[in-house]
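K.L.:
Take this structure, written in C-alpha cells, and hold onto it; I'll ask about it next.
The values are calculated or read from the model by the stated rules, or taken from the named source; none is laboratory data. Note that this is a predicted model, so its numbers are computed, not measured. All Cβ positions, even for glycine, are placed from backbone atoms using ideal geometry, and neighbour counts span all protein chains on display. Surface areas here come from the heavy atoms of the whole protein model, side chains and all, with no ligands, DNA or RNA. Shrake-Rupley method; radii C 1.70, N 1.55, O 1.52, S 1.80 Å.
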Amino acid sequence: MRLKQLTHQGSSFQSFHVRHDTYPKNHNVWHYHEELEFIHVRKGSGTLFIGDCIRKFNPGDVVLIGPNIPHYWFFDPEYLDVIEAVATDNCVIHFQRSFAGEDFFYLPEMTGIKDLLLEANKGLWYKCGATDPLNKLFEDILIADGFEQLLILLQALHIFHHNKKSTLVSDNYAILNHSSDHKRMNDVVDYIQSNFKQHIELSDLSNLAGMTKNSFCRYFKQKTGKTPLEFITELRIASACKFLSDTSTPLKEVCFECGYNNYVSFHNAFKNITGLTPKSYKIKAGLV
C-alpha cells in the first residue's frame, strides 16, 4: 500500500470530474488529493480508512471527503478476486472548493454549501434510504453533461448539506504534510493490513520503520491519530463486523479469524469499539 497524491483532471471544458467505477482499482490504495471527493456507494462493501477513522461502508453510503485527507477504500475480498471479482457500482465526483469560481460560494444563496465544503475537512458520512433523492441525482449525473451536470452537483451538495450526517475524522486529527516520508508509513500500514489476523509484535513494526519502539509509537500516532495497537484493534473489529453481518460463522470462530487468541479479549475489544457485544451485534444484523 502506497500513500499517493492523486490529481483528477477532467477536460478543459470541465470544472470537476465525474467517474463511474465498476471495479475498485481507483480506491484500493491509500492516497490523498487536493480535490474534495464526493462518492455514492451504489454497490460494494468493505472498510473505509479516513484520517484517524476506520469504519465499514455498504451500498447506500454517501461520503464527502475534504482535501488532502488520506483515505483508503479497502473493498471486501469478493470485489478483488483476480478471476471472478464481483462488480462494484460507485459514482465518484472530484472537485476543488473553487470549482464554480472563487466568489460563487460567497453569494448569500450559497452559504449552506460553502459551510458544507468546510465541514468536509472532517469527512462526512450519510446513509441513503431507498427513496432518497440523492440516489437519483448520482444516477443522473453519470449521464448528464455540461451545464446540466453542474446543476445536478450543486443540487446534490445542497441536499447533502440538509441531511443529518456523521463526522468521520476526530477533532484531534491534524492534516500533515503526507508527501514526506510516505514510503516508510506505507510499508508499515501494508504490513499491518496483510498480517492483522496474526499476532503482530511492536518490534516487527518498529524494525520495519527503522526506529526504536518509543520513536515509532510517537511517529505512528502523529501520522494516523492512533497508537499501533488501536489501529490494529479497529481493523480487527471491522473485519469481525463483516463476518457477523454476512455469515453464520460461530462467534468463537470469528474471534480466531480476526486475530484474537481468546474470546474474552475479543468480546471486550468488540464492545469497546462498537458499543455492542458480538452476540448483540449479530442479533441486530438479523442473523440470530
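K.L.:
Describe numerically, in nm with one decimal, the distance between label points set 7 Å from Cα along Cα→Cβ at E230 and at N261.
P.N.:
Distance between label points: 2.5 nm.
K.L.:
For a quick check: with amide H placed at 1.01 Å from N, whose amide H comes under 5 Å from N58's, ignoring anything fewer than 5 positions away on the same chain?
P.N.:
The answer is none.
K.L.:
Against the longest alpha carbon principal axis of the chain, how many degrees, from 0 to 90 and to the nearest 10, is the axis of helix 228-246 turned?
P.N.:
80 degrees
K.L.:
Please say if the stretch 38-111 is rounded, prolate or oblate, where rounded means a/c under 1.5 for a ≥ b ≥ c the square roots of the C-alpha gyration tensor eigenvalues, and otherwise the choice is prolate for a/b larger than b/c and oblate otherwise?
P.N.:
Note, shape of the stretch 38-111 comes out prolate.
K.L.:
So, with a 1.4 angstrom probe, what is the percent of accessible area on the chain that is carbon and sulfur?
P.N.:
Its accessible area is 51 percent carbon and sulfur atoms.
K.L.:
Further question: Pull up the cross-link candidates among the aspartates and glutamates for K25, meaning alpha carbon to alpha carbon under 13 Å and not fewer than 8 places away within one chain.
P.N.:
D76, D81, D89
K.L.:
Taking Cα atoms, how many degrees apart are the long axis of helix 213-224 and the longest axis of the chain, rounded to 10 and kept between 0 and 90?
P.N.:
30 degrees
K.L.:
Another question about this same structure. K127: which lysines have alpha carbons under 22 Å from its alpha carbon, excluding same-chain residues fewer than 8 sequence positions away?
P.N.:
Once the sequence-local lysines are set aside, what remains near K127 is K43, K56, K114, K136, K164, K165, K242, K282, K284.
K.L.:
Right, something else. With every protein chain kept in place and ligands, DNA and RNA left out, what is the accessible area per residue of the chain? Probe 1.4 Å, answer in Å².
P.N.:
With all protein chains present, the chain gives 50 Å² per residue.
K.L.:
Also, quick follow-up: Hey, any idea what Rg/Rh is for the stretch 190-288, computing Rh the Kirkwood way over Cα pairs?
P.N.:
Taking Rh as the inverse mean 1/r over Cα pairs, Rg/Rh reads 1.04.
K.L.:
Show which aspartates and glutamates lie in cross-link reach of K223 when reach means a straight Cα distance below 15 angstrom and same-chain residues fewer than eight apart are skipped.
P.N.:
Cα-Cα hits under 15 Å: D52, D171, D181, D187, D190.
K.L.:
Moving to a separate point now. Tell me the mean residue ellipticity at 222 nm calculated for the chain from its helices only (DSSP H runs of n ≥ 4, each -39500 (n - 2.57), averaged over every residue, nearest 500).
P.N.:
Per the formula, -12000 deg cm²/dmol.
K.L.:
Mind checking the angle between helix 182-195 and the chain's longest principal axis? C-alpha axes, 0 to 90 degrees, to the nearest 10.
P.N.:
60 degrees
K.L.:
Going out from 0 in 5 Å bins, what whole percent of all Cα-Cα distances in the stretch 85-195 drops into each bin?
P.N.:
2, 9, 15, 17, 18, 15, 10, 10, 4, 1, 0
K.L.:
Another question, then. Report Rg(Cα)/(2.2 N^0.38 Å) for the chain, keeping two decimals.
P.N.:
So the Cα radius of gyration is 1.05 times the expected 2.2 N^0.38 Å.
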